[in-house]
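Notes for the one structure printed next.
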Amino acid sequence: MFGSRQKSGGASKERARIGRDVAARLAANPRVHPAMVGAAQAFYHQDFLTPDQCDHVIALIESNRRPSTLLAEREEPGFRTSESCDMDRYSPDVAPIDTSIAELLGIDPRHGETMQGQRYAPGQHFRAHHDFFHETQGYWPKMKATGGQRTWTAMIFLNDVAEGGATWFPQAGLRVAPRRGLLFAWNNMGEDGRPNPLTLHEGMPVIEGVKYIVTKWFREGNWIDRY
């Protein structure tokens with residue numbers, strides 16, 4: 001998950017196709033708007049969730065949160081200091097949201113990982129990282145066997161934050177400030193289906209308030225067999 005210190009992977013026609021198909025679908029949606037030009041395929045949808053939905057998901061995160069973890073071969077103290085909550089995709093409280101994200105992007109729900117909620121208290125952060133997998137790392141065989149490379153990421157901000165907490169793409173020159181109900185989605189692959197290093201991003205420290213988000217990652221293949 002980490003940045004430029006590691007090698008990623010090669011080009012892929014299938015990943016490139018997924019990128020084109022999802023980008024075309026989002027671009028054709030009048031409620032969706034492009035967020036980046038050139039650096040990566042990225043889009044945003046304001047008010048994707050209602051205030052009531054946001055409040056309900058925040059309550060789920062609060063009741064089930066635990067220290068966030070990293071997919072890494074070595075300890076990285078202080079790299080990710082938030083708390084997380086894995087959400088049951090089949091729960092009646094979660095399933096409609098989980099399904100609506102897949103429908104928005106036009107991706108088979110079976111390609112979606114478990115939706116994860118995250119909570120950032122003042123001072124908590126997630127240092128700069130990529131969402132795609134680095135295929136030279138020891139974890140890759142397991143990831144390859146469970147759906148392969150990550151393609152698209154969808155992140156939903158569940159509340160406004162008084163100060164701090166933006167999601168920052170330093171190499172793409174973009175900061176996305178927390179805004180209640182906002183969905184932000186980006187393609188972790190480039191046009192040729194190769195992992196795109198310009199998608200390096202950071203969950204910046206919260207200064208005042210508490211930030212709540214949900215993140216949904218999609219694989220190139222099936223993460224689950226049935227939906």
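Report the equivalent ellipsoid semi-axes for the range 139-227 in whole Å, largest first, defined as the square roots of five times the eigenvalues of the gyration tensor built from alpha carbon atoms. Gyration-tensor ellipsoid for the range 139-227: 27, 16, 11 Å.
How high is the relative contact order of the range 134-227? Use alpha-carbon pairs under 8 Å, at least six apart in sequence, and give a whole percent.
On the way: 169 pairs, mean separation 39.5, N = 94.
Relative contact order here is 42 percent.
Select from Gly193, Val37, Pro170 the residue farthest towards the positive end of the dipole of the chain; place +1 on Cβ of Lys and Arg, -1 on Cβ of Asp and Glu, and compute about the Cα centre. Value: Gly193. Our coupling estimate for the range 103-109, obtained by passing each phi through the Karplus curve with A = 6.51, B = -1.76, C = 1.60 and θ = phi - 60°, is 5, 4, 7, x, 9, 3, x Hz, Gly and Pro reported as x.
Remind me, relative contact order of the chain in percent, using alpha carbon pairs under 8 angstrom and six or more residues apart? Can you show the working numbers first?
Values: 527 pairs, mean separation 72.4, N = 227.
Rounded, it is 32 percent for the chain.
Which of Asn187, Asn29, Asn159 moves most in a GNM of the chain, Cα contacts under 10 Å? So, out of Asn187, Asn29, Asn159, the one fluctuating most is Asn29. In sequence order, the range 158-163 has phi-based couplings of 9, 7, 6, 10, 4, 7 Hz under the Karplus curve 6.51 cos²θ - 1.76 cosθ + 1.60, θ = phi - 60°, and Gly or Pro positions carry x. Gyration tensor over the Cα atoms of the range 83-189: the corresponding equivalent ellipsoid has semi-axes (square roots of 5 times the eigenvalues, largest first) of 23, 20, 14 Å.
Eigen-decomposition of the gyration tensor built on the alpha-carbon atoms of the chain gives equivalent ellipsoid semi-axes of 24, 21, 18 angstrom, largest listed first.
About its Cα centre, the range 97-141 has a charge dipole of approximately 260 debye under the convention of +1 per Lys or Arg Cβ and -1 per Asp or Glu Cβ, with nothing else charged.
Centre-to-centre, using Cα atoms only, the range 58-94 and the range 127-199 are separated by 16 Å. Take 208-217, 102-111, 173-182 and order them by the average number of nearby Cβ atoms within 10 Å per residue, most first; the result is 208-217, 102-111, 173-182.
Residues with beta-carbon under 15 Å from that of Phe218, excluding Phe218: net charge, scoring Lys, Arg +1 and Asp, Glu -1?
+1
Here the chain is treated with +1 on each Lys and Arg Cβ and -1 on each Asp and Glu Cβ, and its dipole about the Cα centre works out to around 620 debye.
Just need the relative contact order of the range 1-101 here, percent rounded to a whole number, with Cα pairs under 8 Å and 6+ apart. Please report the intermediate quantities before stating the final value.
Details: 56 pairs, mean separation 16.0, N = 101.
In percent, rounded to a whole number, it is 16.
Every number here is computed from the coordinates shown, using simple stated rules; none is lab data. In this text, all values refer to a predicted model and were calculated from it rather than measured experimentally. Cβ coordinates were reconstructed from backbone atoms using ideal geometry, including for glycine residues, and neighbour counts include every protein chain displayed.
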